[in-house]
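Inspection log for the structure reproduced underneath, given as structure tokens.
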Amino acid sequence: MSVLTHKRAMANGVRLHYVTAGSGPVVLCMHGWPQNHREFLPVIEAFHDKYRFIAPDLRGYADSDKPFDGYEPKTIAADMLDLLKIEGVDKFHILSHDLGGPPSVALAYLSKGRALSLATIETPFFGLDFPGYIDPRVPYWHLGMHMNMDITRFLVEGREEQYLRHFFRDFAYTPGAIPEEEVQQYAMQMRQPGNLRASLNHYGYIPQMAAQTGELAKSKLDVPMLAWAGRASFGDHCFDCAKAISNSATGGVIEECGHWVFEEKTEFINEQLGEFWAAHS
């Protein structure tokens with residue numbers, strides 16, 4: 001595998017840690033909770049000989065700054081645009097997972113024709129309005145809990161490893177999908193000073209997330225979208241939402257798969273991403 005290069009940069013007023021690898025058309029990776037850039041290693045390993053990956057720890061996570069505000073999708077999109085400027089990138093693909101999805105949608109809208117494609121994997125879409133749409137806060141218990149950040153911190157601090165191990169197993173189709181060494185990596189991250197507090201803002205800002213996404217989605221997105229989700233997790237939600245907001249959406253539901261698609265169905269998702277990027281590079 002291509003060696004990861006670790007970097008730090010001031011982007012939009014926050015100091016971001018990120019990794020780069022490979023060469024070719026750029027893929028910007030935007031992770032979800034409770035992960036970081038590491039969740040994309042199976043994709044980077046498969047495609048580093050064809051694509052150049054830029055994978056930051058988003059604001060609030062891991063080795064990036066942990067500010068007390070600025071967790072709206074448009075602000076995180078501005079972080080990414082600044083990072084891309086620092087890296088000298090014009091055109092780029094976007095790959096996102098989980099709560100990295102809403103700011104990735106904002107980035108696709110705000111990048112003014114620079115985004116070649118947008119792949120949203122297991123992403124909850126808030127603030128949309130179309131027949132059959134269900135706000136993810138209704139069926140998923142943890143969204144409401146995590147939005148109440150003080151209670152979540154009270155319950156989880158000091159028990160980060162136990163909680164994350166439950167989280168990774170409960171949202172997987174195959175309970176051991178996340179290897180133990182990765183569980184330990186993410187538990188270590190969550191025990192860093194400020195990390196639990198800051199990363200929970202990605203849930204605390206769901207009302208602003210819904211408002212901004214709803215506003216952006218009033219016009220159809222011209223960027224081609226790929227949206228996949230696991231049958232044992234978000235199911236039809238992701239592809240249905242992608243079809244509602246984009247003029248060009250492909251994807252569907254992955255059988256025998258939960259939330260952790262890159263780890264649970266590595267070969268399948270890599271095949272889908274490879275075809276999608278090749279068609280839009």
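Bear in mind that the values in this text are calculations on the coordinates, not laboratory data. In this text, all values refer to a predicted model and were calculated from it rather than measured experimentally. With ideal geometry, Cβ positions are generated from the backbone for all residues, glycine too; neighbour counts draw on all protein chains shown.
The table below gives the values:
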item: Entries of K50/K112; K112/K220; K220/K243; K91/K243; K7/K66; K7/K74 with Cα pairs more than 20 Å apart; result: K50/K112; K91/K243; K7/K74
item: Vicinal HN-Hα couplings computed from phi for the stretch 4-17 (Karplus, 6.51 cos²θ - 1.76 cosθ + 1.60; Hz; Gly/Pro x); result: 6, 9, 8, 9, 9, 7, 7, 10, 6, x, 10, 8, 9, 8
item: Fluctuation leader among L216, L143, L58 - the chain, Gaussian network, Cα springs under 10 angstrom; result: L143
item: Net dipole in debye of the stretch 5-280 [+1 Lys, Arg Cβ; -1 Asp, Glu Cβ; about Cα centre; nearest 20]; result: 760 debye
item: Selected from D236, D49, D98 as most flexible by GNM, with the chain as the system and alpha-carbon contacts under 10 Å; result: D49
item: Inter-centroid distance (Cα atoms) of the stretch 174-212 relative to the stretch 245-261, Å; result: 22 Å
item: Residue of G132, G251, G70 that the Gaussian network model of the chain assigns the largest fluctuation, springs spanning Cα pairs under 10 Å; result: G132
item: Farthest positive-ward along the stretch 161-281 dipole, Cα basis, beta-carbon charges - from F168, P193, G204; result: G204
item: Neighbour-limited loop hits for trypsin sites (Lys or Arg not before Pro), the stretch 211-281 (at most 13 other Cβ within 10 Å; DSSP other than H, G, I, E, B); result: K218, K220
item: Charge dipole of the stretch 5-280 about the Cα centre (unit charges at C-beta), most positive-ward option of A242, A46, H6; result: H6
item: Dimensionless Rg/Rh of the stretch 28-153 - Kirkwood Rh, Rg from C-alpha atoms; result: 0.97
item: The stretch 13-41 and the stretch 131-145: distance between their alpha carbon centers, rounded to Å; result: 27 Å
item: Stokes-Einstein D in µm²/s, Kirkwood radius over Cα pairs - the stretch 179-246 at 25 °C with 0.890 mPa s viscosity; result: 164 µm²/s
item: The chain - convex hull of alpha carbons, volume per residue in Å³; result: 112 Å³
item: Taking the convex hull of Cα positions in the stretch 136-274, its mean projected area over all directions (nm²); result: 9.2 nm²
item: Stokes-Einstein D (µm²/s) once Rh is taken as the Kirkwood radius of the stretch 125-198 over alpha-carbon pairs, at 25 °C in 0.890 mPa s; result: 175 µm²/s
